[in-house]
Amino acid sequence: MTIRNRLTFLFTGIIAALLLAFALVVYFSFSENREEEYYSSLRHTAITKANLVLDAKIAPSVLQLIYKQSPNTFFQEEVAIYDRSFHLLYHDAVEIDKVKETRQMIDEIVAKKQIKFYQGDMQAVGILYHHNHKDYVITSAANDQYGYAKRRNLKYTLLIAFFVAIIFIYIAGHIFSSKALKPVSDMVDEMEEITATNLDLRINEGNGKDEIAELAVTFNAMLNRLEKSFDAQKEFVSNISHELRTPLTAMLTELQVAAEKERSNEYYRGAIHHAISDAQKIVRLSNSLLDLAKA
């Protein structure tokens, strides 16, 4: 995998993680606020209906008729009023009985003053209500269909927004990584043009301040050293060629002169000694070259 792709995926992953964390915080905060607001609504409804029964002295049959005539009875708040001895004073719909109160529940409400709980999919609240020097236990329960619908819509909105954002973030990350690595791509293109025949070329060092510029400066310094090394090798090869040419030319000339016509034995011995001397020089130069190559 190229660095460009790794940077793109890393950038996308980090932003996606942050977006996911933000979405979860929003979703769970909304869920918690919805729950608390609906508990408050249940408590308000319970106290309002208790005041209608206890203060306004409205007949329970009238309130029950209103409750049953509601178009959404299942989702409407169902209120029940008891005294501390678990005697039922009022109930919106006994035949439905969403909460299904027990003596143990009534005692718990009296002890804790207020309880909140779930009854299946419904939220329920039980409160101890003090009225005219008497204590009453009121329960209220309902299904928050509108709150759940809003939470469901929020979930779908967050999911769609998250995936759409990921697509745009990936595209932005790809553009960002390409732009960030463009100096490196340009540097690679310039490096490919440099060969042994044009070591005098150098790559662009940019602004000379960032890491890419530092890499370019280092690479150019290496090219300077290589160019000096190549120049030294050229000079060395030129000098060696001259050193080899001199004894070879002398030895060849000596042998050609000796072969032109009959010579005395003494002359031939002298020519052979000169050729041997020149050959020894060549051998020493060859050994020096081998030692240098090993070094």
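Regarding residue 42, is this residue more than 21 Å from residue 134 (Cβ to Cβ), in a helix (DSSP H, G or I) and touching a residue at least 60 places away in the same chain (Cβ under 8 Å)? Write out each step before concluding.
Numbers: more than 21 Å from residue 134 (Cβ to Cβ): yes; in a helix (DSSP H, G or I): yes; touching a residue at least 60 places away in the same chain (Cβ under 8 Å): yes.
When the stated conditions are applied, residue 42 passes them.
Please work out if residue 241 is free of Cβ contacts under 8 Å to residues at least 12 places away in the same chain and among the small types (Gly, Ala, Ser).
Yes, satisfied.
Any residue that is part of a helix (DSSP H, G or I) and surrounded by 11 or more Cβ atoms within 10 Å (Cβ to Cβ) - is there at least one of those in the stretch 99-106?
Yes.
Pairs only if they're at least six apart or on different chains, beta carbon under 8 angstrom, first in the stretch 25-36 and closer than 16 Å to residue 153 by Cβ, second outside any helix (DSSP H, G or I) and not hydrophobic (A, V, I, L, M, F, W, C); list them, first residue then second.
Here the result reads 34/144, each pair linking the stretch 25-36 to a residue that is outside any helix (DSSP H, G or I) and not hydrophobic (A, V, I, L, M, F, W, C).
Which condition number in (1) modelled with pLDDT of 75 or more; (2) surrounded by 14 or more Cβ atoms within 10 Å (Cβ to Cβ) is the one that residue 267 fails?
Unmet for residue 267, out of (1) modelled with pLDDT of 75 or more; (2) surrounded by 14 or more Cβ atoms within 10 Å (Cβ to Cβ): (2).
Out of 220, 204, 198, report the one residue that is more than 22 Å from residue 10 (Cβ to Cβ), in contact with a Lys or Arg (Cβ under 7 Å, 6 or more places away or on another chain) and outside the structural domain of residue 54 (by TED's automatic domain parsing).
Among 220, 204, 198, only 220 is more than 22 Å from residue 10 (Cβ to Cβ), in contact with a Lys or Arg (Cβ under 7 Å, 6 or more places away or on another chain) and outside the structural domain of residue 54 (by TED's automatic domain parsing).
Run down 125, 53, 94 and say which single residue is surrounded by 13 or more Cβ atoms within 10 Å (Cβ to Cβ) and either not in a helix (DSSP H, G or I) or not assigned by TED's automatic domain parsing to the domain that holds residue 147 (or both).
125
The values are calculated or read from the model by the stated rules, or taken from the named source; none is laboratory data. Since the model is a prediction, treat every value here as computed from it, not as a measurement. Counting neighbours? That spans all protein chains shown, and the Cβs are built from the backbone with ideal geometry, glycine included.
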